[in-house]
Amino acid sequence: QVQVVESGGGLVQAGGSLRLSCAASGSILMFNDLGWYRQAPGKQRELVARINRVGMTNYADSVRGRFTISRDNAKNTVYLQMNSLKPEDTAVYYCNTAPYAWRWGQGTQVTVSS
């Protein structure tokens, strides 16, 4: 069972940027679709970005044009570059397969102040 550790979150002002990282304990090459999810207080967890093994990406409408997902199969790491952050992006961010199959990590908190 792959375990993941998310990092890179923090407190940022609206309009700022953050880069999240997700380090997996095993090879991610065997998994086709990987994704970043987020869960805001009182809301369900949602998939915001996904990437397949050859680098094709898809984004939720709310983040398209601002977020960029990437993966480094050699380093077993998935990234999420977040630009032009908005207060509504405030959430705990998680990575997993898409649809999810791994045990959830602890996530990384992103807080965007207005």
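The values are calculated or read from the model by the stated rules, or taken from the named source; none is laboratory data. The structure presented is a predicted model; accordingly, all values stated were derived computationally and were not measured. Note that we place each Cβ from the backbone using ideal geometry, even for glycine, and neighbour counts take in every protein chain shown. Calculation scope for accessible area: heavy atoms of the full protein, side chains included, ligands and nucleic acids excluded. Shrake-Rupley method; radii C 1.70, N 1.55, O 1.52, S 1.80 Å.
Could you list, in sequence order, the residues of the stretch 50-59 that are open to solvent by less than 80 Å² (accessible area, probe 1.4 Å) and over 10 Å from the mean Cα position of the chain (by Cα)?
Applying the first criterion (open to solvent by less than 80 Å² (accessible area, probe 1.4 Å)) to the stretch 50-59 yields 50-52, 55, 57, 59.
If the condition is that a residue be open to solvent by less than 80 Å² (accessible area, probe 1.4 Å) and over 10 Å from the mean Cα position of the chain (by Cα), then ILE51, ASN52, GLY55, THR57, TYR59 are the ones that fit.
Quick grid of which residues meet (1) open to solvent by less than 60 Å² (accessible area, probe 1.4 Å); (2) part of a strand (DSSP E or B); (3) within 17 Å of VAL5 (Cβ to Cβ); (4) at pLDDT 95 or above:
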{"residue": "LEU20", "(1), (2), (3), (4)": "yes, yes, yes, yes"}
{"residue": "LYS43", "(1), (2), (3), (4)": "no, no, no, yes"}
{"residue": "ASP61", "(1), (2), (3), (4)": "no, no, no, yes"}
{"residue": "TYR79", "(1), (2), (3), (4)": "yes, yes, yes, yes"}
{"residue": "TYR100", "(1), (2), (3), (4)": "no, no, yes, no"}
Identify all residues within the stretch 81-98 that are more than 20 Å from GLY16 (Cα to Cα) and not in a strand (DSSP E or B); write none if there are none. ALA98
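Just to be sure, is GLN106 modelled with pLDDT under 95 and open to solvent by 40 Å² or more (accessible area, probe 1.4 Å)?
Numbers: modelled with pLDDT under 95: no; open to solvent by 40 Å² or more (accessible area, probe 1.4 Å): yes.
Answer is no for this residue.
Mind counting the residues in the stretch 26-41 that are open to solvent by 30 Å² or more (accessible area, probe 1.4 Å) and over 20 Å from ASP89 (Cα atoms)?
Taking the stretch 26-41 and keeping what is open to solvent by 30 Å² or more (accessible area, probe 1.4 Å), we get 27, 29-33, 39, 41.
After this cut, where a residue has to be over 20 Å from ASP89 (Cα atoms) as well, the list is 27, 29-33.
Residues meeting the conditions: 6.
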Count - residues of the stretch 63-72 that are under 12 Å from LEU29 (Cβ atoms) and surrounded by 15 or more Cβ atoms within 10 Å (Cβ to Cβ): 1
Among (1) modelled with pLDDT under 95; (2) assigned to a strand (DSSP E or B), GLN1 falls short only on (2)
Consider LEU47 carefully, then state whether it is within 23 Å of VAL12 (Cα to Cα), open to solvent by 40 Å² or more (accessible area, probe 1.4 Å) and among the hydrophobic types (A, V, I, L, M, F, W, C). yes
Looking only at the stretch 22-41, count every residue that is within 25 Å of GLN1 (Cβ to Cβ) and more than 12 Å from the chain's Cα centre (by Cα) and tell me the total. 10
